[in-house]
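Trainee: This structure is in structure tokens; I'll ask about it shortly.
A short reminder: the numbers here are calculations on the coordinates, not readings from a lab. As the structure is a computational prediction, the values presented were derived from the model and not from experiment. Cβ: placed from backbone, ideal geometry, glycine included. Neighbour counts: every protein chain shown.
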Amino acid sequence: MKKLVQSLFVLLLIASSVLAQDRRITGKVTAAEDGLPLPGVSVKVIGTNQGTQTDANGNFAISVPANAKSLEISYIGFASQTLQIGTRSVFNVALANDAKQLSEVVVTGQGIGIEKKRLSTTVDKITSEEIASTPIVQLDQLLQAKLPSAQIRLGSGQPGTTSLIRSRGLVSANSSPTPVIYVDGVRVDNLNTQANLSYDSGGAQSSSIPDIPIENIESIEFIKGGAATTLYGADAANGVIQIFTKKGVAGKPEINFELQLGAVSGTKDYLKYNETADILFKTGLSQSYRLGLSGGSDKTTYSFSGNIYQNDGFRPNNAQKRYNFRTNLSSKLNDIVAYSGSFGFSANQFGRDDNANSSAGSFGNLETGAYGDLSEFTSFQIDSLKNRVISPIQRNVNNLETVRRFQTSQSFTITPMKDLTSKFTFGIDSRNSEQKQIATNAYLIALEFEAPGTVDQGYIDVYNRSFLGLTGDFNTQYKAELNDFSFISTVGAQVFRNIDKQNALHGTNVTEGSRSINNSASTTSEDYEQVLVNYGFYAAENIGYKNKLFAEFGLRFDGNSAFGKDVGLQSFPKVGLSYNISDESFFVNAIPSKVISQLKLRANYGQAGQFPTAFANDRTLTSNPFLGVPAYNLGQAGDPNLRPETTSTYEAGLDLGLLNGKMNISGTYYQTKTEDALFLAPFTPSYGLSNQLRNIGEISNKGWEFAASYHILSKKDFDLSFNASYNLLTESLVTSSGGAPEFSIGGFTFLGSFVKEGRAIGYLRGSKPTFASDGTLESFEANADLGSPIPKHFGSMGLNFSYKNKLNLSITGDYQMGAYGVNVDEVLRYFNGLQDDRIPEASLEESFFDIAGVWVEKTDYLKIRNISLSYNLPKQFTSNAFKNVEIGVIVLNPLNFYSSTFDPEITGSGANKQGGVSVGGFGFGTESLPRQFIGSLRVKF
Amino acid sequence: MKSNIYKIFAASLLIFSSCSLLDPTEVVNPNLTEDNILGTGSAMTPWINGMERQLALTYNELIVVNEIASDNYANTETYYNQSFDTPVFNNTDENVNDVLQTISRLRESAIYGLEVVKPSDESTTPDQEAELYFYKGLSHLLLAELFVSAPAEPDGAPVTAAEQIGMAVEAFKSALDISTNADNKVGYNIALARAYYRIGDKPNARTYANAAISQGANYVRFIKYDGLNLPANEMQVALVDRGSFDDLQPLPRLDFLDPKYYAITATDNSNVPLLKIEEAHLILAEANLSDGITGLPLALINIQNALGVVSNRPKSTFNDQVDGRTQDDPGSRPNEAGVTVAAGPGEMRIPGLVLERQASTVTVPTVSGSSISSANVTLVNYPSVDAALELLYLVRQEIFIAEGRRFTDLGLRYPVSYNEIVSNPNINEGDPATVGQIPSFIPKAKGMDSFTYDKDEGTAVITTNMNKVLVANKNDASIMPFIN
């Protein structure tokens, strides 16, 4: 590893020491269809990493080396053009629409940018235009309904909570399905479960995803796993999300200002009692102010975006404030070395109330009948409940989470010779969070947990987590051509160092009114620390034949400091083939492009992995404080051979363009098999050992992914397009558990989420009752499979309409079918004697363990996530001081259609451990995503 | 060009020399490995502390479920096991698994202490070694008391209760032999008496019971809990700490004994009696009763002696208003001092068994309590063996409430768990060990917890007097080991 670092610096030095002569090229890029200028078009000097973007008027200016031969002009939605430079210095280019987008350049999974057409894998890319229709608050919300083959579900409407992000079933029974996430090439903390030491709200757990600094996004790429992720190695089996931020566009400074004002209101859609909303919900104000600045010269560009956001929340104790900024600087140091730096900062603070499996949660208590059947309450009783019970509780809730996060990426791109590009990236993600819960005696008395007059039960819990992630990334790409063959060779290395320090401070019998645990009768503390390093090396080759047929090969080796020399380096290979058959002359001659304009066949095989929980291989004893002395106990049994689980994926698919590219269809069949799957399975109970992570399982996922887009209307004034995706999971099974008994990964004793051979990961296990015609319980099947919370069908859809390029309407939504979930709220209503009629009268006295299956429901849904309408004010209404003024309206979560009697998206059952797997599926005392109505004003100076 | 080469050379030197500062391979492992701990050479004292902690964890797994399965407590609404309240024992039930696992863990921890920790720590004392034998013996005793049969070692074939007791006795005797701690030895004697009682060995049970009484007239050994650093007392959690949940509710006949555990302070939990001298008296009483009418007078004296100890046990007074009796279903359970309770239909209505739950304080015994006055334990009142047996089992029920003991007195036994069956090569589905034991005289469908309550009249009548049922079935092999 030391040698690698040395080599990188040597390369840097070589590069910065050599200079060459430039010449200047200018031009303008317009749309062929309407002649309008195209801003933000990528202009690259082929064979180098030099490039720029067109300004708002479609103009560009770039310095190119004397020996540069050609320029590549590319823009999403348009066919790229390659232009021979020759002696020309001015280029006016008209780009034609191209829904094929095959010449689009993608980076994720390839080391350095590579054309999509050369790939046997698929990369989903979201552009800044697509992002602009959504309020940019947090990454998971932003991506919701925008990725065709990934499902993103937010587990709670409370701020800062975990989400479920998954694509191809579940490939691990040990790790969270959250993909690894990069911002400008730097891996960031993607902990999407509770931390080792964290505040227990009963349900909604805090996540690191919502505070990833995502200001100023240029584009987002997502790869789902399989061969595409092989180059990310032993951590990437769940896929990779890569975020690229704006680097700035050469030209005069351009200032953007955005104001968003809105109302946030709790949805009543899923409520059992509308009175819950009357008592607890309120309409909150949200406001967001964003200032952007970009510009630069042909040598140096800059971009800044800052945002202040505040949201009162739709219920008490959920207010949220955040301050974000990101600044980018790119500079061409000389003909060989280019520098790019990106700095992002995010400060967030938000409140949280208990929920789900907490008897302190007001929402859950109201909804589950803890205070009785609210629908039968008189308005006087409702007022009384609100003023005498709920308000005193809510006035005393004091759970506050504060996160400060700094992230930077520093990269040098070196082009020492034509067709050879090296990139060195170093970056930091530093995240510090504090969760503080102050439970005063007044709060505990208001909850009726303590008798009136109690003075010695108040407590304060503080949980601090400090995460520092360091990324070092080096890769080199060499392009060569030989007769009909083209070669892109990539080698690279990555090193990640993660330092995760946590501590918890508990003070009990705290003096009323204190914010410090210093004022406690007794205090305790815990800490947790883990420092480890993941590193890997890879090489990949992409070989093209006649620019139509491409073969890919890759191999990565990975190591992890937590597992020592016994486990050593793990290898992950990939191989793929893609054939752009529609580029063949026989195809062009036989099939007119108005019928089939594009046909690409692709197939690949690749491996990626997931590391075991760090140090889970050690045989340990534990030392715990017990009655003031240290107490040793048996710890984990350990397994010296513990190694990453390996997910192998076979994938085949086609990309089809029809009707001159107006319609595009993409279909992929995949088959993944996770071998040596890590199961935290129990030993035989008579061993008396705790569960130990072991490589004993095997998991299989199979399915189809389809995505389609159709440009329905493309007239001078009107433009209408529709896109949709459909994903079918035909198999998601634990095919072997290595003989180990099944084990729980969530839920409850009476109805849990389990891992068992022959079942889906996290299948819902409980008794399945059979009732006789008279309603008595005839029999029940104990520990039956009551369904899987992983949907068999899911997808997203979107509609975009524009009129005269001024008025734009965008609608996005997503859906799922074929999954099951538990209506835990109804279980609690049953305890409170307020059950619905799912249990026959004659069986109401049966053990609820035996009839648990009645609470499992189908969780099909279709949710419209976002409707946005914007209008660019005509020039006559705006002052000359403004380049552009846009007003808009956004409605978030406006419509929900669902089969269950609870919100199928939310869940009160998160992962059991830090970074652990979770499948959701327990609708439980947790507020749904609120509805938001936002008015926006965007002004460009 | 030449100058560039110099620059590169200079920079390379710099990088080489600075690389030691950039070393990325440093790791911090939060674990204490086995080698770390044993390497200290002084692991035994913390290991013994850990055994106490493990004991607390073990009892946390079994007391709540044992009490639910018995007639002592009804599980009114919570996620604590509902099937056991019926009672139904499926080998697939997670609690069955947890009970087996946690007792096995207690045993394996003790064996680890003897076989691994002791050799690593030259300062190990005989008293510490004795304690390890005691915990090992206790694990076998618990398996004998709670399971039809169960493995006595990892992946072992299930062994009968008698065989488990054989191992328990051997371990307890080893403890007794090497211990120099007089107090602990009283406990070892009680444990031996309890073990011999389980297999109906009257002479040995008497011997060790008498030895215990002679050495520690007021002896009690507790399972200790740590409300600050955990484990907290799970039975206390179930009884009172879950605030607005009603959770476990006692049979009205036992209301005055509840809650035996409460939050002494915000961080001090109540401890649970593990072994107490009352048991030695009660074993002697049962031994004498099993001798027939000739033993009756002696048995009554034994019971009087037990009650004499009980009368000196501490009581605590605290506010219990939050521990609602009737919050979930108002008016469904007696919660006022004026209520009289009949132990069964047609039986005498007894006053004073129900406490005024909403009074500013309640006073409850924390080690042992009984509704029976020693003065009333006379031949006149209990003229027959059966009458005395019923009294004995009531007193046992009262004294051991919330300690997880009534389960065994009722003849209930768990099966080994499904996880054991599928992964232990020496057990097959359908083996006797895989089926639990619920004697035929146990009422079905929560019948043991059932009672009628007339709030207006202030009377509660328990549907089944289980102590009477036990006596009526005293020849059933599953109960009363001295008789069968």
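Trainee: Compute the separation of the alpha-carbon centres of the stretch B:174-237 and the stretch A:414-466 and state it in Å as a whole number.
Mentor: After rounding, the separation between the Cα centres reads 47 Å.
Trainee: Next question. Could you run the Karplus curve 6.51 cos²θ - 1.76 cosθ + 1.60 with θ = phi - 60° over the stretch B:199-208 and give me ³J(HN,Hα) per residue in whole Hz, x for Gly and Pro?
Mentor: Working through the residues one at a time gives 9, x, 8, 5, x, 5, 4, 4, 4, 6 Hz.
Trainee: Dimensions of the stretch A:593-745 along principal axes (Cα, Å, largest first)?
Mentor: 80, 34, 22
Trainee: Would you work out the charge dipole size for the stretch B:84-224 about its Cα centre, treating the Cβ of every Lys and Arg as +1 and the Cβ of every Asp and Glu as -1, and quote it to the nearest 20 debye?
Mentor: Dipole size: approximately 640 debye.
Trainee: At q = 0.21 Å⁻¹, what log₁₀ I(q)/I(0) does a Debye calculation on the Cα points of the stretch A:822-931 give, no solvent, two decimals?
Mentor: -1.14
Trainee: Using +1 at the C-beta of Lys and Arg and -1 at the C-beta of Asp and Glu, which of B:Thr366, B:Pro383, B:Pro345 has the Cα lying farthest in the positive direction of the dipole of the stretch B:309-392?
Mentor: B:Thr366
Trainee: Which of B:Asn288, B:Val240, B:Ala171 sits farthest toward the positive end of the charge dipole of the stretch B:156-308, with +1 on the Cβ of Lys and Arg and -1 on the Cβ of Asp and Glu?
Mentor: B:Asn288
Trainee: On to the next question. With only alpha-carbon atoms in the gyration tensor, what are the semi-axes of the equivalent ellipsoid for the stretch A:109-224, in Å, largest first?
Mentor: In descending order, the three semi-axes are 26, 17, 13 Å.
Trainee: Moving on to the next point. Using only the Cα atoms of the stretch B:238-287, construct the convex hull and provide its projected area averaged over every direction, in square nanometres to one decimal.
Mentor: Mean projected area of the Cα convex hull: 5.0 nm².
Trainee: From zero up to wherever the largest Cα-Cα distance of the stretch A:900-941 sits, split into 10 Å bins and tell me the percent of pairs in each.
Mentor: 23, 31, 20, 16, 10, 0
Trainee: Using a 10 Å cut-off around each Cβ of peptide B:304-313, what is the average number of partner chain Cβ atoms that fall inside?
Mentor: 0
Trainee: Please work out the Cα convex hull volume for the stretch A:374-414 and give it in Å³ per residue.
Mentor: In the stretch A:374-414, the Cα convex hull volume per residue is 112 Å³.
Trainee: Any idea which of A:Gly818, A:Leu834, A:His793 is furthest toward the positive side of the dipole for the stretch A:789-842, if Lys and Arg beta-carbons carry +1 and Asp and Glu beta-carbons -1?
Mentor: Projecting each Cα onto the dipole axis, the largest value belongs to A:His793.
Trainee: Other chains near B:101-111: what is the mean number of their Cβ atoms within 10 Å of each residue's Cβ?
Mentor: 4
Trainee: Moving on. Could you order the peptides B:276-282, A:319-325, B:148-154 from most to least packed, using the average number of other C-beta atoms within 10 Å per residue?
Mentor: Ranked by mean Cβ neighbours within 10 Å, highest first: B:276-282, B:148-154, A:319-325.
Trainee: Based on the Kirkwood radius over alpha-carbon pairs, what value in µm²/s does the Stokes-Einstein equation return for the translational diffusion coefficient of the stretch A:499-610 at 20 °C and 1.002 mPa s?
Mentor: Using the Kirkwood radius from Cα pairs, D works out to 107 µm²/s.
Trainee: Further question: In units of 2.2 N^0.38 Å, what is the alpha-carbon radius of gyration of the stretch B:81-180?
Mentor: Cα-based Rg divided by the globular estimate yields 1.21.
Trainee: Once you keep just the Cα pairs under 8 angstrom separated by 6 or more residues, what percentage relative contact order results for chain B?
Mentor: 19 percent
Trainee: Here is a follow-up. What's the longest bit of chain A with no exposed GluC sites (Glu not before Pro), using DSSP loop states and at most 14 other Cβ atoms within 10 Å as the test?
Mentor: Looking at chain A, A:34-511 is the longest stretch - no exposed GluC sites (Glu not before Pro) with at most 14 other Cβ atoms within 10 Å.
Trainee: Quick check on chain A: helices-only [θ] at 222 nm, where DSSP H runs of length 4 and up contribute -39,500 (n - 2.57) each and the sum goes over total residues. Nearest 500, please.
Mentor: Helix-only estimate at 222 nm: -2000 deg cm²/dmol.
Trainee: Also: Give the dimensionless ratio obtained when the Cα radius of gyration of the stretch A:798-838 is divided by 2.2 N^0.38 Å.
Mentor: For the stretch A:798-838, the normalised Cα radius of gyration comes out at 2.34.
Trainee: What Kirkwood Rh does the stretch B:147-293 have if only Cα atoms enter the pairwise 1/r average? Answer in Å.
Mentor: Computed over Cα pairs of the stretch B:147-293, the Kirkwood hydrodynamic radius comes out at 17.6 Å.
Trainee: Give the Cα extents of the stretch B:303-358 along the principal axes, in whole Å, largest first.
Mentor: 41, 34, 16
Trainee: Over the alpha-carbon set of the stretch A:844-885, work out the extent along each principal axis and list the three values in angstrom, largest first.
Mentor: Sorted from largest, the Cα extents of the stretch A:844-885 read 76, 15, 14 Å.
Trainee: Any chance you could check the Cα centroid distance between the stretch A:319-371 and the stretch A:467-481 for me, in angstrom?
Mentor: The distance from the Cα centre of the stretch A:319-371 to that of the stretch A:467-481 comes to 27 Å.
Trainee: Where a Cα-Cα gap under 29 Å defines reach, which lysines qualify for A:Lys272, not counting those fewer than 8 residues away within the same chain?
Mentor: Within the straight-line cut-off, A:Lys272 pairs with A:Lys282, A:Lys386, A:Lys768, A:Lys792, A:Lys858, A:Lys863.
Trainee: List the aspartates and glutamates whose Cα lies under 15 Å from the Cα of A:Lys883, skipping any in the same chain that are fewer than 8 positions away.
Mentor: Partners found: A:Asp55, A:Glu254, A:Glu258.
Trainee: If you average over every viewing direction, what projected area does the convex hull of the Cα atoms of the stretch A:278-340 give, in nm²?
Mentor: Result: 5.4 nm².
Trainee: Quick one: if you take sqrt(5λ) for each eigenvalue of the C-alpha gyration tensor of the stretch A:329-453, what semi-axes come out, biggest first, whole angstrom?
Mentor: Equivalent ellipsoid semi-axes, largest first: 57, 16, 11 Å.
Trainee: Which pairs, out of A:Lys146/A:Lys268; A:Lys875/A:Lys940; A:Lys548/A:Lys594; A:Lys806/A:Lys940; A:Lys69/A:Lys125, put more than 22 Å between their alpha-carbon atoms?
Mentor: A:Lys146/A:Lys268; A:Lys69/A:Lys125, as the Cα separations exceed 22 Å there.
Trainee: Right, something else. Out of all DSSP beta bridges with both ends in the protein assembly as shown, state the antiparallel percent to the nearest 5.
Mentor: Restricted to the protein assembly as shown, the bridges split so that about 95 percent are antiparallel.
Trainee: A further question on this structure: Write down the percent of antiparallel bridges among all DSSP beta bridges whose residues are both part of the stretch A:481-560, to the nearest 5.
Mentor: 100 percent
Trainee: Using all C-alpha to C-alpha distances in the protein assembly as shown, build P(r) with 10 Å bins and read off the rounded percent in each one.
Mentor: Per 10 Å bin, starting at 0, the Cα pair percentages come out as 1, 8, 15, 19, 18, 14, 10, 7, 4, 2, 1, 0, 0.
Trainee: List, in order, the whole-Hz ³J(HN,Hα) value for each residue of the stretch A:406-422 obtained from phi through the Karplus relation with A = 6.51, B = -1.76, C = 1.60 and θ = phi - 60°; use x for Gly and Pro.
Mentor: With the stated coefficients, the stretch A:406-422 comes to 10, 9, 9, 10, 10, 9, 10, 10, 10, 10, x, 8, 4, 6, 10, 10, 10 Hz.
Trainee: Hey, another quick one. With +1 assigned to the C-beta of every Lys and Arg and -1 to the C-beta of every Asp and Glu, and no other charges, what is the dipole magnitude of the stretch A:559-604 about the Cα centre in debye, to the nearest 20?
Mentor: 80 debye
Trainee: I've got another one for you. Mind listing the long-range amide H neighbours of A:Ala145? Cut-off is under 5 Å, sequence gap 5 or more, other chains count too, H placed in the peptide plane at 1.01 Å from N.
Mentor: Residues meeting the amide H criterion: A:Ile152.
Trainee: Something else: Under the Karplus relation 6.51 cos²θ - 1.76 cosθ + 1.60, θ = phi - 60°, what is the ordered set of whole-Hz ³J(HN,Hα) values for the stretch A:604-617, x standing for Gly and Pro?
Mentor: 7, 9, x, 10, 9, x, 9, 6, x, 3, 4, 6, 6, 7
Trainee: With a cut-off of 8 Å between alpha carbons and a minimum separation of six or more residues, what is the relative contact order of chain A in percent?
Mentor: With pairs under 8 Å counted, the relative contact order is 12 percent.
Trainee: To the nearest Å, what is the center-to-center distance of the stretch B:261-303 and the stretch A:829-886, using C-alpha atoms only?
Mentor: 58 Å
Trainee: 5 Å is the cut-off here: which amide hydrogens, built 1.01 Å from N in the peptide plane, fall below it relative to A:Ala681, excluding neighbours closer than 5 in sequence?
Mentor: Residues meeting the amide H criterion: A:Gln692, A:Arg694.
Trainee: Less than 30 Å apart at the alpha-carbon level, and either on another chain or at least 8 residues along: which lysines does that give for B:Lys455?
Mentor: Within reach: B:Lys260, B:Lys315, B:Lys444, B:Lys446, B:Lys468.
Trainee: Over all directions, how big on average is the projection of the convex hull of the alpha-carbon atoms in the stretch A:25-69, in square nanometres?
Mentor: Computing the convex hull of the Cα atoms and averaging its projections yields 3.2 nm².
Trainee: With charges set only on the Cβ (+1 for Lys and Arg, -1 for Asp and Glu), what does the dipole of the protein assembly as shown come to about its Cα centre, in debye to the nearest 20?
Mentor: 6680 debye
Trainee: Evaluate 2.2 N^0.38 Å with N set to the residue count of chain B, then give the Cα radius of gyration divided by it.
Mentor: Relative to the rule-of-thumb radius for its length, chain B sits at 1.16.
Trainee: OK, next. Work out the mean other chain Cβ neighbour count within 10 Å for the residues of B:415-423 and drop it here as an integer.
Mentor: 5
Trainee: Would you work out the Kirkwood radius for the stretch A:812-876? I mean one over the mean of 1/r across all pairs of different Cα atoms, in Å.
Mentor: Over the stretch A:812-876, the inverse of the mean reciprocal pair distance is 15.3 Å.
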